Structure formats: structure tokens, C-alpha cells
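Worksheet: one structure, shown below.
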2 protein chains.
Amino acid sequence: MGRGTPGHAQPTRRSAAASGEGDAARVDGRVRRSRDRVLTTAFELLSESGVGGFTVDEVVRRSGVAKTTIYRHWPSREALVIDAASRISAEQEVPDTGSLEGDVTAILANLGHLLGTARWSSVVPSIVDVAERDPEFAGIHGKIQRGHAAPLREVIERAVGRGLISAAADPSSMVSALIGPLYYRRWFSREPIDDQFVKTIARNVISSQRATDAPGRDTRA
Amino acid sequence: MGRGTPGHAQPTRRSAAASGEGDAARVDGRVRRSRDRVLTTAFELLSESGVGGFTVDEVVRRSGVAKTTIYRHWPSREALVIDAASRISAEQEVPDTGSLEGDVTAILANLGHLLGTARWSSVVPSIVDVAERDPEFAGIHGKIQRGHAAPLREVIERAVGRGLISAAADPSSMVSALIGPLYYRRWFSREPIDDQFVKTIARNVISSQRATDAPGRDTRA
């Protein structure tokens, strides 16, 4: 495996690398596209049927990607379900409106909107159900939940740092008190999540933790 | 269909009725016992396998009740699942501790305990999942949820009547704000539901709705 003489090594290696990168990029592109198609299809199927109705055969049928290719990337049905389910990540900007109440209200309003419209909100219950019996699913479920909670946690911790709420405030309890009521309405009581509800939840949770020397609710920016 | 002469009608009818009631009671007793056995078995099976793993054959195997008998009472697998699932009713006394915070804390502490220990808490996610796709299940799910919420709603409405919280308080929002955080920890974030958490949730939700002329949190009974 000669690599050329030292004098020519550099350009030779460079052009080989460039050509190799081109090939690799093309292969990577194809692999990535088929991987993406499988994941997108798998996620759609999950949305329609839940984990219980999910089969690799149906992913093959819908995606047109060969079963052998699918099993090369995901060793089992469970692995594919978990990977597809991990797309359930309500990516969301962390707002900075100048007040904690404004930030929390913005995050909850967005979450409430997603709960009412995003397809993943139909998938979540089947993840919760499987997580009840399967530790691996419980792990991915926990990851999804931490993802949903991350922006809230960030604005709460920032507010503690700014002295807007009590340093004794427990961010975990506040996150539960903020997200819980929305989840309850979406998946349990099946009541609407309207702006008024979101505002009430945000205001009450925050006012209960407000530092005594911080601005009151009517003086916020 | 002679009913006897007026003079004898009364005793004759009474003894016939008594004898008929005896037979009917015996039959009813047998029917009720086999019905109960089927429902208990079905509920156990739901707890273990969720709705997805529930089969009438397995109920037959475990209960020893004939499949024909089961189908005489429940026309379909779905009907039996729904009936068994409706046993998920956290029957609970409505406390009257003398303060809304005391009442709510007692109810939430009991609910938190049940969420951590009762077998139905493993069944609920599969009901939520099926309800996502099946209107009949959505109906039973709603009924179960209203059952869980009823004691809270009652103590809140009583407190409004007694002037302890604002007449403008929205009991539905308060119920969501009280139950939601517990459900969130049980089925989503999988964090512990301890006494401190329950007390914090109860205190914060109630203090946000306290009537301005009502006793403060430190003067309650």
C-alpha cells in the first residue's frame, strides 16, 4: 500500500482525500436519506397506530426501503421504535421577554399549541404505556420529557439567578406544577388548553415563588 | 292470569314472590359471582399486560368461566375491557378538615399514595393510549377521570360556598392545577410524589385563589 514518495505524498493524498470525501459524501448522503425516510415513516406509523400497531413490515411497505437495510441500522423493531419516538422533541427557543411570567407564558402557550396540533401528542400515550413495562422505553421517555422541560427549567434558573424568584424555589416542583396541568387536560380530562388557562397556571405558579423584594405581577416588563 | 280472589290475593302473591325471590337470588348470586370473577380477572390481566395484551381467551383460562358465559355478559373483548377498566375508580371519602388546604392536601396525599401503589396506575396509560384512537374508550376514560376529580371538585365548591376562596375561582382550572402535577410525576417525569411536593402544590394553588378577606395560610384551623 504505497502512499507515494514524500515529494508527491501531499498532493496525492490531498486529491485522494478529496475524491474519497466525494464518494463518502455521496454514500453518506444516500444512507442519510434512506435513514431519514425510514425514521419519518416510522414516526408517521407510530402517530397512527401507537407502539402496539407498529411493525417493521409496514415501515418497509410505506418507505420503500428494504428490510435488510432497515435491520442494518436498527437491530430490532424496538430499536426503531425508540429512535423514531426520540423525534418527539418539542424543540423550542428559550424566550427572554424580560419577566419570568412572560417567558413561562410563552413556553406554555407554545406547548399547549403543540399538544393540540402536533402528531407526536398522539404518540406519547403509547410511549407512556410501553414505558410502564419496559425499562429501555422508560429511558427514552424520560429523555423526551427532560427535553420538553428544559426551556422551562432554564428560564426558572435564570430568574433565580436574577433574584426574581426565591432562591429557595424548587425548579423541579415548578416544572411539574407548570407542565402537569397542560398534560392533564390533553391526555386525561380532555379539556381545552386555552390562553386563559395557560396564563392562570403561569401566574399562579410564579407568584407563589416570587421573591418578596422582586417586582409584583403588575409591574413586570 | 287470575290473581286469586281479593281476600286471598295478598298472602298468595306474597308467598309466590318470596319463593321467586329466593330462586332469583340464588341465580343472581351465581351470576354475580361469575361476573365478579371475570371482572376481577380482567382487571388483573389489564394491570399486567395493558389493553394491548388483553385477550378473552386469557380471561377464560385464568377465571375458569366459560367463554360463552363471558360473551353472554359482554358482547366483545372491547366491552369487557371497558367494564374492567371502569373499576379504576379511586373511591375516596370527601374529607372535611375545616380548611380547604387541609382537605386538598388529604385528597392529594391519598391520590399520590394510590399512584405509587395501586395496580390501576399501571393500567391507566393503556387506557389513555386507546382513548387516543377510540371514542368509546375516550368516554370511559373521561368517566374515570371525573371520578378521580370529584372529591377535589366538591371540597373546592364547598370552600367557595363558605367564602374561603374567591367566588371567581374556576374549579376546573384548580382541579387541573392540583391533579396535573401528580400525574406528570407519575407517568411522565417519573419523579417521586412525596409529602412535601403534595403540600407545596396544594398550598400554592389554594393561596392563589384565596378570597382577600379569608383567613391566611397560617391562621387556618
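The values are calculated or read from the model by the stated rules, or taken from the named source; none is laboratory data. Just so it is clear, the structure is predicted and the values come from calculations on it, not from any experiment. Methodologically, a virtual Cβ is constructed for each residue, glycine included, from the backbone with ideal geometry; neighbour enumeration extends over all protein chains shown.
So the values come out like this:
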quantity	calculated
A:R153 vs. criteria within 17 Å of the chain's Cα centre (by Cα) and modelled with pLDDT of 85 or more	yes
The stretch B:105-133: number of residues that are over 30 Å from B:N204 (Cα atoms), surrounded by 17 or more Cβ atoms within 10 Å (Cβ to Cβ) and free of Cβ contacts under 8 Å to residues at least 60 places away in the same chain	2
Hits in the stretch A:183-200 (condition: at the interface with chain B (Cβ under 7 Å from one of its Cβ atoms) and under 23 Å from the mean Cα position of the chain (by Cα))	A:Y183, A:Y184, A:R185, A:W187, A:F188, A:R190
Candidate set: the stretch A:168-199, residues that are among the hydrophobic types (A, V, I, L, M, F, W, C) and without any contact (Cβ under 8 Å) to a residue 12 or more places away in the chain; chosen: the one surrounded by the most Cβ atoms within 10 Å (Cβ to Cβ)	A:F188
Sole exception among (1) at the interface with another protein chain (Cβ under 9 Å from one of its Cβ atoms); (2) under 28 Å from B:L39 (Cβ atoms) for B:W120, by number	(1)
The stretch B:105-128 - residue that is among the β-branched types (V, I, T) and out of contact with any Phe, Trp or Tyr (no Cβ under 7 Å at 6 or more places or on another chain) and, of those, farthest from A:G53 (Cα to Cα)	B:T105
Subset of the stretch A:162-181 (residues that are closer than 24 Å to B:E132 by Cα and more than 7 Å from chain B (Cβ to nearest Cβ))	A:L178
Sole exception among (1) in contact with a Phe, Trp or Tyr (Cβ under 6 Å, 6 or more places away or on another chain); (2) at pLDDT below 85 for A:A84, by number	(2)
Which listed residue, of B:F43, B:F54, is at negative phi, modelled with pLDDT of 85 or more and in contact with a Leu (Cβ under 7 Å, 6 or more places away or on another chain)	B:F54
Residues within the stretch B:142-159 that are small (G, A, S) and away from chain A (no Cβ under 14 Å), tallied	1
Residue selected from the stretch A:201-210 under the condition facing chain B (nearest Cβ under 7 Å) and not aliphatic (A, V, I, L, M), by the criterion surrounded by the fewest Cβ atoms within 10 Å (Cβ to Cβ)	A:S207
Residue match in the stretch A:60-82 (condition: β-branched (V, I, T) and in contact with an Asp or Glu (Cβ under 7 Å, 6 or more places away or on another chain))	yes
Residues satisfying the stated conditions in the stretch A:146-181, i.e. farther than 17 Å from A:L115 by Cβ and polar (S, T, N, Q)	A:S166, A:S172, A:S173
